[in-house]
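S.K.: Would you mind keeping the following structure in view while I ask a few things?
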Amino acid sequence: MGVDLRTLADEDVMQFVRRGDARAFEVIYERHSSAAFSLAYRMMGTRSGAEDVTQDAFLSLWRSGGRYDRARGSVRTWVLGIVHNRAIDALRRSTVHSKRRAGDEGIEERFEARERTDVEAARREESGTVRTALASLPADQSQVIELAYFGGFTHTEIADMLEAPVGTVKGRMRLGLKKMRSQLGEGQVAL
Amino acid sequence: MNDHARWEDVAGAYVLNAMPADERQAFEQHLVNCATCQAEVDELLPAAEALPMASPPMLPPPALKDRIMAEVEREAALLAQAGAGADRPEPARPRRERRGFWRLSGWRLAPVAAALLIAGVLAGTALDGDGTRTIDFEGQATAQLEVDGDRATLVAENMPAPPEGRVYEVWLMPEGSTTPRPTDVLFTPRSDGSAVAAIPGSVDDVSQVLITDEPMGGSDEPTGELLMSAELS
């Protein structure tokens, strides 16, 4: 009689989330929490920071489930967009922004995902594809993209940091993304 | 055309969310009437949306899911309890019939528990500027009540975690009363001890805001220890 939520597509599960179904929310959490936490960890640089951002993002998703609009993209894109915004809010509030970034490399408390399922394996492959595309960009382009997206810095902050004109920074962002887009090709990385 | 020239090259920064809020807003207004910029945004967006995949895959700790699900299940139960009246602007029914005074006000739950703790979300809109006053809480944590007009927000840091199986609940003491009124604001601090919570409704006729620890789901009258309180008048 009951619907097996795990067999439904994300967009259909969201219909149940909208009605306040906690089990439906759990399905969405299980499908996307790893990607969400990975992004949060990459941006925040600490486990506690990543947990806070992930928690904020998923509770916000739960409380605003009705705002998901499938016409504007996949549930995963929506979830990751919320995580990204939350992390940026947290980073831009932080008074130790640059200090945090300096300590971002060599994170010790990493507990990487194991390849437990085909889904995880597929995600690893996608991850590798995107990383390769990013790494293949000229260094000055990948640098500004990483500082902006993962560091949460604005174009003017990046320009100050690199002692480069703002226009140059914006141009590098645009060119880098354009190249990435063509490398990834449409449909190769499902979002 | 001049307006377009101003925004040339900015699409990349826009899709990376690397613009200050005011500039972003202005660009979005420009996008409405500029097909060229919109086309460029559309072209670059998939690359930006793929970027999260470049993060090394990590598994969130199981305890994180437990915390999130505990909150979600609690709110789902409240939502189910509120039933069809959940969207109505006025409370459809009290949680439990007691003395008239204990009828819960503002017990509306959709969009899901809008008045519940919104840690981190509200922090970005921390009150400042004219017309805002800050009142220190007295008690076992460092916290302020930021009052803007008849609205108030609790901003705390270094809050201890509530005892196992309990949450903090916000209470309002009406002017001239000695019996606190419960709110639907239930929360636990974040891992760094910080918390931000919007106080529901007007605080115009409130003399005191109090925080106690209560069982999950909250109480209709205080049962736990008073953690801290702030005097409004």
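S.K.: More than 7 Å from every other protein chain (Cβ to nearest Cβ), closer than 24 Å to A:S127 by Cβ and without any contact (Cβ under 8 Å) to a residue 12 or more places away in the chain: does that describe A:E30?
M.R.: Spelling it out, A:E30 is indeed more than 7 Å from every other protein chain (Cβ to nearest Cβ), closer than 24 Å to A:S127 by Cβ and without any contact (Cβ under 8 Å) to a residue 12 or more places away in the chain.
Yes or no, residue by residue, for (1) more than 7 Å from chain A (Cβ to nearest Cβ); (2) in contact (Cβ under 8 Å) with a residue 12 or more places away in the chain; (3) of a type outside the set (K, R); (4) farther than 21 Å from A:Q55 by Cα:
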position: B:V32; (1), (2), (3), (4): yes, no, yes, yes
position: B:C37; (1), (2), (3), (4): yes, yes, yes, yes
position: B:L44; (1), (2), (3), (4): no, yes, yes, yes
position: B:P60; (1), (2), (3), (4): no, no, yes, no
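S.K.: Quick check on my filter: what residues within the range B:198-225 are more than 23 Å from B:A63 (Cα to Cα) and aliphatic (A, V, I, L, M)?
M.R.: Residues of the range B:198-225 more than 23 Å from B:A63 (Cα to Cα): B:198-212, B:219-225.
Correct list: B:A198, B:I199, B:V203, B:V206, B:V209, B:L210, B:I211.
S.K.: Got a sec? Which of B:L172, B:L145 is surrounded by 15 or more Cβ atoms within 10 Å (Cβ to Cβ), away from chain A (no Cβ under 14 Å), under 16 Å from the mean Cα position of the chain (by Cα) and not in a loop (DSSP other than H, G, I, E, B)?
M.R.: Sole residue among the options that is surrounded by 15 or more Cβ atoms within 10 Å (Cβ to Cβ), away from chain A (no Cβ under 14 Å), under 16 Å from the mean Cα position of the chain (by Cα) and not in a loop (DSSP other than H, G, I, E, B): B:L145.
S.K.: Another question, if that's okay. Determine whether A:Q55 is under 18 Å from B:A76 (Cβ atoms), more than 10 Å from chain B (Cβ to nearest Cβ) and either without any contact (Cβ under 8 Å) to a residue 12 or more places away in the chain or under 13 Å from the mean Cα position of the chain (by Cα) (or both).
M.R.: Spelling it out, it is not the case that A:Q55 is under 18 Å from B:A76 (Cβ atoms), more than 10 Å from chain B (Cβ to nearest Cβ) and either without any contact (Cβ under 8 Å) to a residue 12 or more places away in the chain or under 13 Å from the mean Cα position of the chain (by Cα) (or both).
S.K.: Yes or no: A:S38 among the small types (G, A, S) and within 17 Å of the chain's Cα centre (by Cα)?
M.R.: Working: among the small types (G, A, S): yes; within 17 Å of the chain's Cα centre (by Cα): yes.
So A:S38 passes the test.
S.K.: Let me ask something additional. List pairs: first residue in the range A:168-184 and in a helix (DSSP H, G or I), second residue small (G, A, S) and surrounded by fewer than 19 Cβ atoms within 10 Å (Cβ to Cβ) anywhere in the structure, Cβ distance under 6 angstrom, at least six positions apart or on different chains.
M.R.: These pairs meet every condition: A:V169/A:A159.
S.K.: Please find, within the range A:58-83, the residue that is nearest to the other protein chains (Cβ to nearest Cβ) out of those that are assigned to a helix (DSSP H, G or I) and without any contact (Cβ under 8 Å) to a residue 24 or more places away in the chain.
M.R.: Residues of the range A:58-83 assigned to a helix (DSSP H, G or I): A:58-63, A:65-67, A:70-72, A:75-83.
Filter once more, keeping what is without any contact (Cβ under 8 Å) to a residue 24 or more places away in the chain: A:59, A:63, A:67, A:71-72, A:78, A:81.
Working: A:L59: 6, A:R63: 4, A:R67: 9, A:A71: 14, A:R72: 11, A:W78: 10, A:G81: 8 Å.
Checking each candidate, the answer is A:R63.
S.K.: Name the residues in the range A:33-48 that are hydroxyl-bearing (S, T, Y), over 21 Å from A:A121 (Cβ atoms) and touching a residue at least 12 places away in the same chain (Cβ under 8 Å), would you?
M.R.: Here is the first cut: in the range A:33-48, the ones hydroxyl-bearing (S, T, Y) are A:33-34, A:38, A:41, A:46, A:48.
Remaining after also requiring over 21 Å from A:A121 (Cβ atoms): A:46, A:48.
Across the range A:33-48, the qualifying residue is only A:T46.
S.K.: Mind checking which pairs have a first residue in the range A:6-23 that is more than 15 Å from A:R63 (Cβ to Cβ) and away from every other protein chain (no Cβ under 11 Å) and a second that is surrounded by 15 or more Cβ atoms within 10 Å (Cβ to Cβ) and among the β-branched types (V, I, T), Cβ under 7 Å, 6 or more apart or different chains?
M.R.: Listed pairs, sorted by first residue: A:R6/A:V27; A:D10/A:I28; A:D10/A:V75; A:E11/A:V75; A:V13/A:V27; A:V13/A:I28.
S.K.: Can you work out which of the residues in the range A:33-49 that are out of contact with any Pro (no Cβ under 8 Å at 6 or more places or on another chain) and of a type in the set (G, A, S) is farthest from the other protein chains (Cβ to nearest Cβ)?
M.R.: The selected residue is A:G45.
S.K.: So the check is Cβ under 6 Å with 6+ separation or different chains; which pairs have a first residue in the range B:193-216 that's closer than 24 Å to A:A90 by Cα and a second one that's of a type in the set (D, E) and surrounded by fewer than 20 Cβ atoms within 10 Å (Cβ to Cβ)?
M.R.: These pairs meet every condition: B:G193/B:E157; B:S194/B:E157.
Conditions tested, residue by residue: (1) small (G, A, S); (2) without any contact (Cβ under 8 Å) to a residue 40 or more places away in the chain; (3) facing chain A (nearest Cβ under 8 Å); (4) part of a helix (DSSP H, G or I).
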| site | (1), (2), (3), (4) |
| --- | --- |
| B:E40 | no, yes, yes, yes |
| B:M53 | no, yes, yes, yes |
| B:R74 | no, no, no, yes |
| B:A80 | yes, yes, yes, yes |
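S.K.: Continuing with the same structure: Being over 16 Å from B:N17 (Cα atoms) and touching a Lys or Arg at 6+ places or on another chain (Cβ under 9 Å) is the requirement here; does A:P138 meet it? Working first, answer last.
M.R.: On the way: over 16 Å from B:N17 (Cα atoms): yes; touching a Lys or Arg at 6+ places or on another chain (Cβ under 9 Å): yes.
Answer is yes for this residue.
Only the coordinates and a few stated rules stand behind these numbers; no lab work does. Predicted model only: the values in this text are computed from it and were never measured. Cβ coordinates were reconstructed from backbone atoms using ideal geometry, including for glycine residues, and neighbour counts include every protein chain displayed.
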